[in-house]
Amino acid sequence: MPKITFIQHDGEEIAHEAENGLSVMNIAVDNLVSGIDADCGGECNCATCHVYVDEKWIEAVGQPHDAEEAIMSLNPDRKPTSRLCCQIKIKDELDGLVVHLPEFQF
Ligand code: FES
C-alpha cells in the first residue's frame, strides 16, 4: 500500500499507509492527523483539508481542477503547491507522497 507522510507546521512527521482509491484526506481523518478537519466530507466545498504538496511530488499529484482552484483562490495563504487533499486520490504512483500541513489550519 502507498505510504503518505504528513508534515505538521512544527516539523513533526506522521506517516500512514493508504489504500488505493481513497483520498489523502480520508487517510488524514481516519488516522486523526491534526490540521485536517474536512468539514464537508470531501465534497470540495469547505477548504479545511488544504495541504502544500512537497515540491518533488507536484508533477505526480497534478494540478487542481477548476472548482478546487476556485475555493483555494479565496485563501491568501494559497501557494503554487496548494491542493485540497480530498481531491488527491491515492494510487501506487503516489507511494512516498509528502504533504505539508499549513499553520493556518490549526
Ligand atoms: S474536505 Fe472539504 S474541501 Fe476537502
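Values quoted throughout were computed directly from the atomic coordinates according to the rules given, and no laboratory measurement underlies them. Remember, predicted model here, so these are calculated numbers, not experimental data. For neighbour counting, all protein chains shown are included, and Cβ atoms are generated from backbone atoms with ideal geometry for every residue, glycine included.
Using the C-alpha atoms of the chain, what convex hull volume per residue, in cubic angstrom, is computed? Intermediate values should be presented prior to the final figure.
Working: hull volume 9.4 nm³, N = 106.
Normalising the Cα hull of the chain by residue number yields 89 Å³.
Could you identify which residue out of Ala47, Ala38, Ala67 has the top mean-square fluctuation in a GNM of the chain using Cα springs shorter than 10 Å?
Top of the fluctuation ranking is Ala67.
Can you give the FRET efficiency to the nearest 0.05 for Asp39 and Lys3, using r as the Cβ-Cβ distance and R₀ = 25 Å?
Values: r = 26 Å, r/R0 = 1.05.
Once rounded, the FRET efficiency stands at 0.45.
For the pair Glu12/Glu55, report the inter-label distance in nm, with labels modelled 7 Å from Cα in the Cβ direction.
So the label points at Glu12 and Glu55 sit 2.6 nm apart.
What are the extents of the Cα atoms of the range 15-70 along their three principal axes, listed from largest to smallest and rounded to whole Å?
Its Cα atoms span 27, 26, 20 Å along the three principal axes.
Name the residue, out of Asn26, Asn45, Asn75, whose mean-square fluctuation peaks in a Gaussian network model built on the chain with Cα pairs under 10 Å.
Comparing Asn26, Asn45, Asn75 in the GNM, the peak value goes to Asn75.
Return the distance in nm (one decimal) between the two label points of a simple spin-label model at Lys91 and Thr48, each offset 7 Å from Cα along Cα→Cβ.
If labels sit at Lys91 and Thr48, their model points lie 3.0 nm apart.
Would you kindly state how much longer the chain becomes between His65 and Lys79 on full extension, computed as 0.36 nm times their sequence separation minus their alpha carbon distance, in nm to one decimal? Mind dumping the intermediate values first?
Numbers: separation 14, 0.36 × 14 = 5.04 nm, distance 1.51 nm.
Full extension from His65 to Lys79 adds 3.5 nm.
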